[in-house]
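Comments concern the structure below.
The values are calculated or read from the model by the stated rules, or taken from the named source; none is laboratory data. Keep in mind it's a predicted model, so treat the numbers as computed, not measured. When we count neighbours, we look across all protein chains shown, and the Cβ atoms used for this are built from the backbone with ideal geometry, even at glycine. These area figures cover heavy atoms from the full protein model, side chains too; ligands, DNA and RNA do not enter into them. Shrake-Rupley method; radii C 1.70, N 1.55, O 1.52, S 1.80 Å.
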Amino acid sequence: MDVTTHDVLLVGGGGAGLRAAIAVSELNPNLKIAVVSKVYPMRSHTVSAEGGAAGVIKSDDSLDEHAYDTISGGDWLCDQDAVEAFVNEAPQELLQLEHWGCPWSRQDDGHIAVRPFGGMKKMRTWFAADKTGFHMLHTLFQTTMKYNSIFRYDEWFVTKLLVDDGRVQGVVAIELMSGKIQAITAKSVILCAGGCGRVFPFTTNASIKTGDGMGLAYRAGAPLKDMEFIQYHPTGLPFTGILITEAARAEGGYLVNKDGYRYLQDYNLGTPTAKPVLRSMELGPRDRLSQAFVKEQEKGRTIDGPYGPVVHLDLRHLGEKLINAKLPFVRELCTKYQNVDPVHELIPVRPVIHYMMGGVSTDINGATPLPGLFAAGEVACVSINGANRLGSNSLPELLVFGARAGKAAAEFASSAKPISNSILAQAFDEQRRIENQFLRNTTGRERTSTIREEMQQTMETSAGIYRTESSLAAGAKTLRHLQERSDNLALDDHSLTFNTDLVAALELSFMLDVAESMVQSALQRTESRGAHQRTDFPKRNDEKFLAHSVVFRAADGRPRVEYLPVRITRWPPGERVYGQPAQKASAS
C-alpha cells in the first residue's frame, strides 16, 4: 500500500475546504496541506448556491440585528456565542472575497448591492446575480493556486478515518481513476465534505451529497449533533428537485395556489417585520413556508402535476429586464428543465430537501471532541443554524468557520506528536475490507439501488415535513433492517477503473448510518421546533428540549442519543412570532 504524509488534510474541496486550506497556508506557510475531493473542486456543491451571502454592510443594519434574526429564525437552538462570532466575521470574509476577485453585484453608485432574504429584517444578502456560489467557489479555487503548499487529490474517495493514540491521524482513500487504495496520513484532518440530502428521494442536492463526512466522523467515534433538523426549501422544480433560489422571491416573486391566491397570508410565518406587508409573506422562514404547502395540500388547494402536487411561483410581473439582470440562472433552469419561461409563464414548485442544520459536532473553532479532527461547512454543526437555517447564512458560514477550522487545525498540527507507526495496520484492514466485502464478493444478493430507494422512501414517509412517533418508530425499524441487508450487497462491476458501482455501495453505507441518526434523534425529541414538527407534540418545550441532541454510534452500530445545553449569551428564548397577520390580498 502506498502511503503519503501531510501536516493538515482536508476532506472535501468545496467552499469550506478551500477556505480552510487558504487559512492554513496563511497561518503557517511551512505546513504541507492536502485537499482530498471525490470530484474536481469546481464541481463541489458550493458551485450550485444561487441566492447570496449574508453580511452586515449597510448603515441601517447592525450585527445585533443579524444575530437576533439568526437566533430567532433558528427557534432558539443556536449557540449564541457562535452566532455572534459568525455575524461579526461574515462581512470581513465577504470583503476578503471581494479583494480576491469575487464579482459582487453592485448598485449604480458602485457600492455592493444587497437583497432581502427570508427571515431577515434588513437587506443584508450580498449576491452575484443568481450565481453567487459559482463565483465564490471560482474565487476561492483560483486563490488556492498561489499557495505551493496545497496539494490536491482530485477524484479520490475517503472510506475511513485513521484513529490511533486517541487522535485522528489520516484517512484511507481510493483513487477513482485507478482503484488504488492508499493511506494518506496527517497530524490533523478537517472534514468539509458537505451535506447529506441524497438520503431523501427528492432534493436540491447533487448526487455527491451522500453524508460521507458525517458517516466518517460517526464511525470514528465523533458525535453528530442536531440530526433531526433537516431543511425543506419551499421552491424546488418537480421531478428534478432543482432549486429555484429564494432570490426569486426576494426580488418580488409570489407563491400562489391553484386559485391564483397568495395563500401565505393565511399562515403565521414568523416574518420578522414590525408591520408585516404582503411582499414579506414569501420571505418567511423556509420551514414555515414548507409547512404551509402541506396545509394547502390538505385543503385541496394545490395543483396536481405528473410528479405530485405543486403550487406556482409567479415572476411574470417582475418583467423581462429585471429577470435577465438579477435572475438569469432561474430563467435558464426553468427553460431547460421545465420548458417554462418565467417571463411569461408560472413556475411549478414544491418543497424539497435542501440543507442539513445538523452535522458533526464542533466547537466554535471547528474542533470535534475527537482530537485531531475538525469540521466546517454543511458537514458540521457548530451550531449557528439551530432548528432552521435562514437563507443566505450558509455561504458566509463556509467562509467564517472554514477559516476558523483551518487556523485551529494548523495550530494543532504544528504541535502534534509524529504519526504513529501502528496506524498503517488499520489502513491494511480497511483495504482488505473493501476488497473482500465488495470487489471479491461474488455471493451478494442485494442491490445497492434497491436498498437506497427503500431508504429514501422510508425517510420521506417517516421523517418528512411532519412526523409522528409511529412514523418515526416504523422508519427506525425499517432502517435497521436495511442496514442488515446492506451487508450482503452484490456488485456487477469488480474492476478497478472508475468503479461507480463500488462508490455507490460505499456511499450507501454512510447514508444508512446518517439516516438512522436522523430518525432516532427525531424520535426522541418529543416537541416541535423549527424544521422538526411532531404532530403528536405540536408545542415547543424549552424546559426539556432547549438542548442539542448529540448522537453516538454504539458498539452494536445503533445510534445512542444524549443532550447538551444550548449556549445562551444575550438573547433569552422567546416566542417565534412577529407583528400581526398581514392584511389579506386578492388573487393575483
Q. What's the angle, to the nearest 10 degrees (0 to 90), between helix 500-524's Cα axis and the longest principal axis of the chain?
A. 60
Q: Using a 1.4 angstrom probe on heavy atoms only, work out the carbon and sulfur share of the accessible area of the stretch 448-588 in %.
A: 51
Q: Determine, for each peptide in 231-244, 507-520, 380-393, 490-503, the mean count of other beta carbons within 10 angstrom over its residues, then list the peptides with the highest first.
A: 380-393, 507-520, 231-244, 490-503
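Quote the relative contact order of the chain in percent (integer), defining contacts as alpha-carbon pairs under 8 Å separated by 6+ residues.
22
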Q.
Taking the alpha-carbon distance from LYS32 and a cut-off under 30 Å, which lysines remain once sequence neighbours fewer than 8 residues away in the same chain are dropped?
A. LYS146, LYS160, LYS180, LYS187, LYS209, LYS407, LYS417
Q | Reach of LYS539 by Cα under 30 Å, taken over lysines that are not fewer than 8 positions away in the same chain | A | LYS121, LYS122, LYS225, LYS275, LYS295, LYS299, LYS477, LYS584
Q. Rounded, prolate or oblate: which one fits the stretch 19-62, using the alpha carbon gyration tensor with axes a ≥ b ≥ c (rounded when a/c is under 1.5, else prolate when a/b beats b/c, else oblate)?
A. oblate
Q: Determine the shape class of the stretch 283-325: with a ≥ b ≥ c the square roots of the Cα gyration tensor eigenvalues, call it rounded for a/c under 1.5, and otherwise prolate if a/b is greater than b/c, oblate otherwise.
A: oblate
Q. Once the Cα atoms of helix 448-462 and of the chain are each reduced to a long axis, what angle between those two axes, in degrees from 0 to 90 to the nearest 10, is obtained?
A. 40
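How large is the accessible surface per residue of the chain, computed with a 1.4 Å probe and reported in Å² as a whole number?
Heavy-atom accessible area per residue stands at 36 Å².
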Q: Just flag the trypsin sites (Lys or Arg not before Pro) in the stretch 90-159 sitting in loop per DSSP whose Cβ has no more than 12 other Cβ atoms within 10 Å.
A: LYS146
Q. Where does each of 473-480, 282-289 land if you order them by average Cβ count within 10 Å, highest first?
A. 282-289, 473-480
**Q.** Sequence-distant aspartates and glutamates (8 or more away, or on other chains) whose Cα lies within less than 17 Å of LYS38
**A.** ASP154, GLU155, GLU175, ASP212, GLU378, ASP501, GLU507
**Q.** Highest-first arrangement of 250-260, 193-203, where packing means the average Cβ count within 10 Å
**A.** 193-203, 250-260
Q) Once the Cα atoms of helix 132-144 and of the chain are each reduced to a long axis, what angle between those two axes, in degrees from 0 to 90 to the nearest 10, is obtained? A) 30
Q | Cα gyration tensor shape of the stretch 346-460, rounded if a/c is under 1.5, else prolate or oblate by comparing a/b with b/c | A | oblate
